[in-house]
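The values are calculated or read from the model by the stated rules, or taken from the named source; none is laboratory data. Because the structure is a prediction, the values reported are computed rather than measured. When we count neighbours, we look across all protein chains shown, and the Cβ atoms used for this are built from the backbone with ideal geometry, even at glycine.
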Amino acid sequence: MRFLAVCTALAAATALTGCGQSAGSDGGSDKVTLWLMKGSASEDFIEKFTADFEKHHPGIDLEVKIQEWKGIGDKVNAVLGGKSKDRADVIEVGNTQVAQYVETGGVSEVTLEGLREWGSKDWLKGLSDPGSVNGAQYGVPWYAANRVVIYNKDLFAAAGIKTPPRNRQDWIAATQKLDKGDQQGIYLPGQNWYVLAGFVWDEGGDLAVETSGQWVGSLDDEKALAGMDFYKQLQALGDGPKGGDEETPPQSEVFARGQVAQIIATPGQVAQIEAANPALKGKLGFFPIPGKTADKAGAVFTGGSDLIIPEKTANRARAVDVITALVSEKWQTELARTMSYVPNKTTLARVVDGNDGAAAMAPGAAQGRATPKSARWAEVEADNPIKPYMTAVLSGQDPRQAAKAASDTMSRVLNSDR
């Protein structure tokens, strides 16, 4: 699944290929096939990367195939199980999908390559942790994107706020100043559970935890309840619907009306806001979601992609070569600057300093987390009990009782047999 839509460029719909005649070094074909998801990289990036890879790997034909997110799970599982006519040597997958594919079977372990060649010690945990199962690495972080605060510079200036807040206390104080008359201090829908997750993590809590092989929903833990309490304080400083999420209605459209001081979203939403209201062009800024203290940004849900290698590839050495190139500083920099992404390593955060949106994401990405590492998490989200829990609390119901009901539902789903 893809949780974040962070770019507007569409990748080419056709495969980009070079030519070559020599066999792979491990006895496989001279062609190596890379599956990328639509929208993850621009056509220009793919063309440049393909040409550069083939230049540095004479005789190897790199074939890049663009895939749609809809229905991708079945296609990937077919390749992993050797039941598909299609072939792939490297596959881009959503960071939270890796555990599901590992459970199904057919994903090659890459722990040693990560340590020896790809600098795994510096990987963003929000990408690397979901790609690790039982201490073994299967997913290789490729790029990340996370939410930041998008704000209206004019409204901040009118309220006398000269610098963006850097801790929760200052954030609440600033938002209270901004929440006046017809103006909303922040537009925060009641069911934006990704934002809630960050507040829960900041408090030391979690959505669910695994104990002795069993998953237990943990929204009713004191720390998780503290995260929900902060969400309630912030949400009250605007008119976000208690029973809706960020897409009902689309928050970018609400923000574009010019009477909302802040929203929490990926930087890519600025393009949608400016398209809806061109008068806001150049008047929008970004800052990381504030943490409890000024020395550390708030925790955020990390969206993005990992790269996996099917066990059944006949070209594993070349697959490793492709990943080595994709995660190199050169191509991480190119991708991050082209697509406004966060690179896969904390040590590469500097490469997006000139991009305001991506630069605002980087501090949060360093505190990034992902959803519980269960292959059944997708089933939890299919009928997400966190959303009605949030609405219940914001509507005045007892937080502990509502949290217990949601936690029990998560426990049941996460521990159910397929």
> So which of 200, 140, 148 is under 22 Å from residue 98 (Cα atoms) and either free of Cβ contacts under 8 Å to residues at least 12 places away in the same chain or surrounded by 17 or more Cβ atoms within 10 Å (Cβ to Cβ) (or both)?
Replying inline: 140
> Which one is surrounded by the most Cβ atoms within 10 Å (Cβ to Cβ) among residues in the range 116-137 that are closer than 16 Å to residue 329 by Cα and not acidic (Asp, Glu)?
Replying inline: 124
>> Within the range 389-418, take every residue that is part of a loop (DSSP other than H, G, I, E, B) and not polar (S, T, N, Q) and give me the one that is nearest to residue 244 (Cα to Cα).
In response: 396
>> Any residue that is assigned to a helix (DSSP H, G or I) and in the same structural domain as residue 127 (by TED's automatic domain parsing) - is there at least one of those in the range 299-317?
In response: yes
> Can you name the residue in the range 89-101 that is in contact with a helix residue (DSSP H, G or I) (Cβ under 7 Å, 6 or more places away or on another chain) and more than 17 Å from residue 40 (Cα to Cα) and is also surrounded by the most Cβ atoms within 10 Å (Cβ to Cβ) among such residues?
Replying inline: 89
> Is there any pair with a first residue in the range 305-319 that is more than 23 Å from residue 345 (Cβ to Cβ) and a second that is hydroxyl-bearing (Ser, Thr, Tyr) and modelled with pLDDT under 95 whose Cβ atoms are under 8 Å apart and which are 6 or more apart or on different chains, and what are they?
Replying inline: 314/29; 315/29; 317/25; 318/25
> What residue, of 391, 324, 346, is of a type in the set (Ser, Thr, Tyr) and in the same structural domain as residue 228 (by TED's automatic domain parsing)?
Replying inline: 391
> Restricting the search to the range 336-363, which residues are part of a helix (DSSP H, G or I) and of a type in the set (Val, Ile, Thr)?
Replying inline: 338, 346, 347, 351, 352
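Residues that are under 27 Å from residue 367 (Cα atoms) and at pLDDT 95 or above: which helices (runs of 4 or more DSSP H) entirely in the range 177-284 hold 2 or more of them?
Values: elements: 193-202, 222-235, 251-255, 269-276.
In the range 177-284, the matching helices (runs of 4 or more DSSP H) lie at 193-202, 222-235, 251-255.
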>> Could you go through the range 380-388 and let me know if any residue there is in a loop (DSSP other than H, G, I, E, B), within 17 Å of the chain's Cα centre (by Cα) and not charged (D, E, K, R).
In response: no
> Does residue 241 satisfy the condition of being farther than 25 Å from residue 202 by Cβ and either over 18 Å from the mean Cα position of the chain (by Cα) or not assigned by TED's automatic domain parsing to the domain that holds residue 391 (or both)?
Replying inline: no
> What's the number of the condition residue 382 fails, among (1) of a type in the set (Gly, Ala, Ser); (2) modelled with pLDDT under 95; (3) buried (at least 17 other Cβ atoms within 10 Å of the Cβ)?
Replying inline: (3)
>> Report every pair of residues separated by at least 6 positions or lying on different chains whose Cβ atoms are under 8 Å apart, first residue within the range 250-261 and without any contact (Cβ under 8 Å) to a residue 60 or more places away in the chain, second part of a loop (DSSP other than H, G, I, E, B).
In response: 256/277; 257/277
>> Looking only at the range 119-141, how many residues end up being within 22 Å of residue 266 (Cα to Cα) and either outside the structural domain of residue 102 (by TED's automatic domain parsing) or not in a strand (DSSP E or B) (or both)?
In response: 7
